[in-house]
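The structure appears right after this line, and notes come after that.
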Amino acid sequence: MKDELVIATFNWQNKYHLYQTLKDKTDCYSFIKFIMENDIDILGTQETVSRNLKLCRSVLFDYGYEVYGTGRFGSMGHIYPVSLTNETNSIVTRLQPSSRVLVRKMPWLGSSFPRIVTILEFDNLVFLNTHLDNVNPKVKKNQLQCIYELISDFISGGFDVILTGDFNMTVKNKNFRNFIEALEKLGINRVDNDIATCRGLKNPIDHVFISNNWEVLKRDVVKVSISDHKSIVVKVKRRNKNGKGVKGNC
């Protein structure tokens, strides 16, 4: 594991409709260009369906990157029209994981779609990536609790944690503020950012959280042409090392 990393979160807002093949390819190359230009080591993606990632995977592999994760509908995700909304909160990385990827389903009763957390371990660091419900406040609260329990288990096991995602909440949301405070007690802080990350909103809904064992050296909010979201790109440096631990559960 490197002592300095560039991590990022990015909602690839695909609008859940069938793109023409040419647009898919154009978007994929723009996506890859964004990764390469920002020299990203680990990227959490949201609103990316498996079809888009399939187009990108072979090209990314040529540059030393692999894509980890499965869609929220599991084995049914390849069936049309389910495939159009089979969001894959994939983790894209050029680092070698120390375990298989985990995909955990979160509470979603009262929501339109299932929601998932994708988890990947790198020695003593665990990277979690998610996309929370966009409508129901109660569902969002339950999903935050699920993520907190997952992270708490990893912290108890001696892992450092990085969490990325589109939370569909700003820091003005009471439940989200409570979540931030709860993570701070576990030694995990939200990367400071007040720049809006989604078109039409005044405050960010995309966020990055990092264990205190990693120092934030730089934070950028990057516009990417293929989405109505901006990416948060963060350069971090390890302060010290922890041990290994257990796998979390919701």
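Which residues, taken from the range 178-221, are in a loop (DSSP other than H, G, I, E, B) and open to solvent by 60 Å² or more (accessible area, probe 1.4 Å)?
Matches in the range 178-221: Asp192, Asp194, Ile195, Arg199, Gly200, Leu201, Lys202, Asn212.
Give Asn168, Asn175, Asn142 a once-over and let me know the one that is in a loop (DSSP other than H, G, I, E, B) and open to solvent by 20 Å² or more (accessible area, probe 1.4 Å).
Asn168
For residues that are among the charged types (D, E, K, R) and within 24 Å of Asn136 (Cα to Cα), scanning just the range 88-105, find the one that is surrounded by the most Cβ atoms within 10 Å (Cβ to Cβ).
Arg104
Would you tally the residues in the range 106-122 being over 14 Å from the mean Cα position of the chain (by Cα) and open to solvent by less than 20 Å² (accessible area, probe 1.4 Å)?
Summing the residues that are over 14 Å from the mean Cα position of the chain (by Cα) and open to solvent by less than 20 Å² (accessible area, probe 1.4 Å) in the range 106-122 gives 3.
Of everything in the range 58-95 that's of a type in the set (Ser, Thr, Tyr) and part of a loop (DSSP other than H, G, I, E, B), which residue is nearest to the chain's Cα centre (by Cα)?
If we take residues in the range 58-95 being of a type in the set (Ser, Thr, Tyr) and part of a loop (DSSP other than H, G, I, E, B), then Ser90 is nearest to the chain's Cα centre (by Cα).
Return the pairs, sorted by first residue and then second, in which the second residue is open to solvent by 60 Å² or more (accessible area, probe 1.4 Å) and outside any strand (DSSP E or B), the first residue lies in the range 209-221 and is without any contact (Cβ under 8 Å) to a residue 60 or more places away in the chain, the beta carbons are less than 6 Å apart, and the residues are 6+ apart or on different chains.
Asn213/Arg239; Asn213/Asn240; Glu215/Arg239; Val221/Ile195
Output the residues belonging to the range 46-81 that are among the hydrophobic types (A, V, I, L, M, F, W, C) and loosely packed, with under 14 Cβ neighbours inside 10 Å.
Result: Phe61, Met76, Ile79.
Among the listed residues Asp192, Asp228, which satisfies the condition of being among the charged types (D, E, K, R) and within 20 Å of Asn89 (Cα to Cα)?
Result: Asp228 is the single residue among Asp192, Asp228 that is among the charged types (D, E, K, R) and within 20 Å of Asn89 (Cα to Cα).
So, of the residues in the range 34-56 that are in a helix (DSSP H, G or I) and under 23 Å from Val126 (Cβ atoms), which turns out to be modelled with the highest pLDDT?
The extreme case among them is Ile35.
Restricting attention to the range 1-18, which residues are modelled with pLDDT under 75, touching an Asp or Glu at 6+ places or on another chain (Cβ under 7 Å) and open to solvent by 10 Å² or more (accessible area, probe 1.4 Å)?
Selection gives Gln13 alone.
The values are calculated or read from the model by the stated rules, or taken from the named source; none is laboratory data. This is a predicted model, so every value here is computed, not measured. Using ideal geometry, Cβ is built from the backbone for each residue, glycine included, and neighbour counts are taken over all protein chains shown. Heavy atoms of the whole protein, side chains included, go into the accessibility calculation; ligands, DNA and RNA do not. Shrake-Rupley method; radii C 1.70, N 1.55, O 1.52, S 1.80 Å.
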